[in-house]
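Note sheet for the following structure.
The values are calculated or read from the model by the stated rules, or taken from the named source; none is laboratory data. Since we're looking at a predicted model, the values are computed, not measured. Please note: Cβ atoms are built from the backbone with ideal geometry, for glycine as well, and neighbour counts cover all protein chains shown. Only protein heavy atoms, including side chains, enter the accessible area calculation; ligands, DNA and RNA are left aside. Shrake-Rupley method; radii C 1.70, N 1.55, O 1.52, S 1.80 Å.
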Amino acid sequence: MKHLFLSLLLCFAVSSAFAQQQGISIAAKAYMLSDFQTGQPLASQNEHERIEPASLTKLMTAYVVFSALKQNHLTLNQVVPVSQTAWKMIGSRMFIEPNKQVTIDELIRGMIVQSGNDACIALAEAVSGSEASFADIMNKEAGRLGMKNTHFTNSTGLPDPNHYTTAYDLTVLATAIIRDFPEFYPLYSQKEYTYNNITQPNRNRLLWLDPHVDGMKTGWTQNAGYCLITSAIRDKRRLISVVIGAKSANARSVESQRLLNYGFQFYDTLHLYKKNDPLTTIHLWKGAQNELKAGFDRDVYFTLPKGQSDKLKATMEYKQPLIAPVQLGQEVGTVKFTLDDKVIETYPLVALENVEIANIFGRTWDSVKLLFN
C-alpha cells in the first residue's frame, strides 16, 4: 500500500459528548438531534431507551402508504370505503363517515395534518385489508430500515405493551421519509386541513413559530408524555430533532426549538466531494493508459463542531501494483479520515473510468519494469 497524505478541509461527525460539553440540556425523557445529510447524532439522551411512540407511529403508517403509492398499489384519487372500525375509532379523528366518499389523498392529509386515527385505519385497510396485516408490513419496513428496537401492533399509536420504539429509531424513520418520498414530504408543513366541513390545525406549533421548520409530527399519550419530531432547514442544511416525554405541548415545542438552534449554531455540515469528481490519479500497469482517475462513488459530507476542521487529516491508500484491466466503479483503495490520529471514517476509492489492457508490447514492457520496481 502506498500512502499519500492530503491537506484537506474535512468534517468529523462527533458524538453527543460534545453537546454535553457545550451545556445543552433538554427537559425530556429522551431526545436526539441529527444532521439529515450525514446522519450524524449531534446531541442525544436515552436515545436507545424503549418508549411509547403515541401518534409518532403515524410516520411509519405514512411510510407504508407512500410506498404503496409509489408502487402503484394505490392512487391518490382512489375512493376508499369507510369501515365501521374506522368510523368508530377512538382518539383524534378527521371525522370520516361510512356513507361519505373519501379519497386516499384526503385520508393522508387527515392522518398527517389532523392526526386522525380513523384515517389511519382506513388507509391500513386500503393497503392490506386489515390493520393487523398492515402492522406486519410496518414491522417489515422497520426491519429493512434498521429500526432494531421497534415493534408495531397498530397504525395509530394507541397504547399497547408490544408497541414501542426509540428516539434513535424514530430519527431513522423521519430521515427515511424525507429521503425516500420528497414528493410527499411537503404535506408535513401543511398548517391546517378541512374535511367534512371541520377544519383542524396541525398540532406542530413550530410551523407557525419558525419559518425554517417544515415538519414533522406530534404525539401524546399519558405514558408517552408530549412528543414532537421536527425537521428544519437553514442555509440548505437540514436537521431533525426528536423529543420524547416533555411535560406539555408548549414544552415539547420549546425544547425542540432549542435543540434545532443548538445544532445550527454549533455545527457545520460541509459537502467536501462530489460523486465521480476526480480526487487523484493512480499509476496503472499493463493498461492502454498508464494513469487511472480515481475518486468517490458517492457525495462525501461531514458534520463537525465549528472551529474543529483544522484538526482533521486524510490518508489515501491504494493498491499497488494496480494492473489493468480496471472497470468503472472498481475499488482501488481507501481514504481514511482521522482526528487526533484516530480513524473516524473510511470511504472506498474507486476507478472513475474503464481502462483496457495494453497490447502485447506494452504488457511485456511493464512486466519487465515490475521486476525491478
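So which of Ser34, Ser55, Ser67 ends up being outside any loop (DSSP other than H, G, I, E, B), open to solvent by 10 Å² or more (accessible area, probe 1.4 Å) and in contact with a strand residue (DSSP E or B) (Cβ under 6 Å, 6 or more places away or on another chain)?
Numbers: Ser34 fails: open to solvent by 10 Å² or more (accessible area, probe 1.4 Å); Ser67 fails: in contact with a strand residue (DSSP E or B) (Cβ under 6 Å, 6 or more places away or on another chain).
Result of the check over Ser34, Ser55, Ser67: Ser55.
Let's see how each residue does on (1) over 28 Å from Asn204 (Cα atoms); (2) under 29 Å from the mean Cα position of the chain (by Cα):
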| site | (1), (2) |
| --- | --- |
| Ile96 | no, no |
| Val102 | no, no |
| Arg109 | no, yes |
| Cys120 | no, yes |
| Ala126 | no, yes |
| Ser133 | yes, yes |
| Ile137 | no, yes |
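Select from the range 235-256 the residues that are open to solvent by 20 Å² or more (accessible area, probe 1.4 Å) and part of a strand (DSSP E or B) and write down the one among them that is farthest from Tyr168 (Cα to Cα).
In this case the residue turns out to be Arg237.
Please count how many residues of the range 81-106 are crowded, with 20+ Cβ neighbours inside 10 Å and not in a helix (DSSP H, G or I).
Qualifying residue count, the range 81-106: 7.
Would you check which residues across the range 24-77 are touching a residue at least 24 places away in the same chain (Cβ under 8 Å) and among the small types (Gly, Ala, Ser) and list them?
Ala27, Ala28, Ala30, Ser34, Gly39, Ala43, Ser44, Ala54, Ser55, Ala62, Ser67, Ala68
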